[in-house]
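The values are calculated or read from the model by the stated rules, or taken from the named source; none is laboratory data. Given the structure is predicted, the values throughout are model-derived calculations rather than measurements. Note that each Cβ is placed from the backbone with ideal geometry, even for glycine, and that neighbours are counted across all protein chains shown. Remember, those area values only see protein heavy atoms, side chains included, never the ligands or the DNA or RNA. Shrake-Rupley method; radii C 1.70, N 1.55, O 1.52, S 1.80 Å.
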Amino acid sequence: MLSRVARSFVKQQSILYRCVATSSNNANAAQPAATGDVRRYPHDAPERDFVNFPPLRVPEQTGKVRIGLVPDEWFKAMYDKTGVCGPYILFWGAVATMLSKEIFVYWADTAEQIVFLTSVIAISKLYGKQLGEYLDREADKANKAQVADLENQTQEINEKIQANQALETLPEANQLIHAAKREAVDLQLEASFRQRLAQVHQEVKRRLDYQVAVQGVYKRVEREQAINYILGQVNKSIGPAQEKESFQTGLNTLKALSKKYANTI
């Protein structure tokens, strides 16, 4: 019910509403913001209807003014009721009423105020455009700087988001890394085991070779001792006569052999 009443009130705009909200005929007037371009503020209720009641967008450029300070839309809003001269009569009549009824008392500094107001209006008429362009350029510079800063911050945030997204695969990568490290440790243990096994083999072989060498030395010494003992005993058992007889027998054998093989040499 309240929404229908408010909607009918918006459709039937009064003179006061048209004076305050500016006319839609002016290109610089405040226009409702587009539905997709509405910024929701913290004080906006979640159930607010932005489609039927969009917020007004403040214009960047001012519209036409009358008498140096009164918006032209206020005059046009009164044309239907008072005619073209009505707003001027209302303005100057209000000034005359305030002076005659001493609502506004003319004082010593009133002339200065009038001169100051006239000077402000004259300066705004003569140099307002140049001053506005200068302020617009400065505002554009500040706006571009803020936009550039916002873009840089957005880029940094996007980079952080990408880095965090890359970290999402970190558990799987850690599993692969741990598996690779575990396999490398197993290979190192296997290599160390084989190296120590080879050292044990070399040590056992060296000791066995030592035992074989010791046994060989024992046998050689025993053989030499046995040969020396036998030769000693044989030499002791042979007398001078047997030695001379053996020498003569050997000499005869050599002579026989020399005769037998004399023609073959």
(request) Scan around F104 for amide H atoms under 5 Å from its own, H built in the peptide plane at 1.01 Å from N, and keep only partners 5 or more places away or cross-chain. (result) L99
(request) Report the FRET efficiency, 1/(1 + (r/R0)^6), for V105 and V70, where r is their Cβ-Cβ distance and R0 is 25 Å, rounded to 0.05. (result) 0.60
(request) Would you rank R194, R66 by solvent-accessible area, highest first, keeping every protein chain in place and using a 1.4 Å probe? (result) R194, R66
(request) With a cut-off of at most 15 other beta carbons within 10 Å, and DSSP calling the residue loop, which GluC sites (Glu not before Pro) in the stretch 108-179 qualify? Please list them. (result) E168
(message) Ignoring ligands, DNA and RNA, please state the percent of accessible area on the stretch 66-221 from carbon and sulfur, probe 1.4 Å.
(response) 63
(message) Need one word for the stretch 175-265: rounded, prolate or oblate. Basis is the Cα gyration tensor (sqrt eigenvalues a ≥ b ≥ c); a/c below 1.5 gives rounded, then a/b vs b/c decides.
(response) oblate
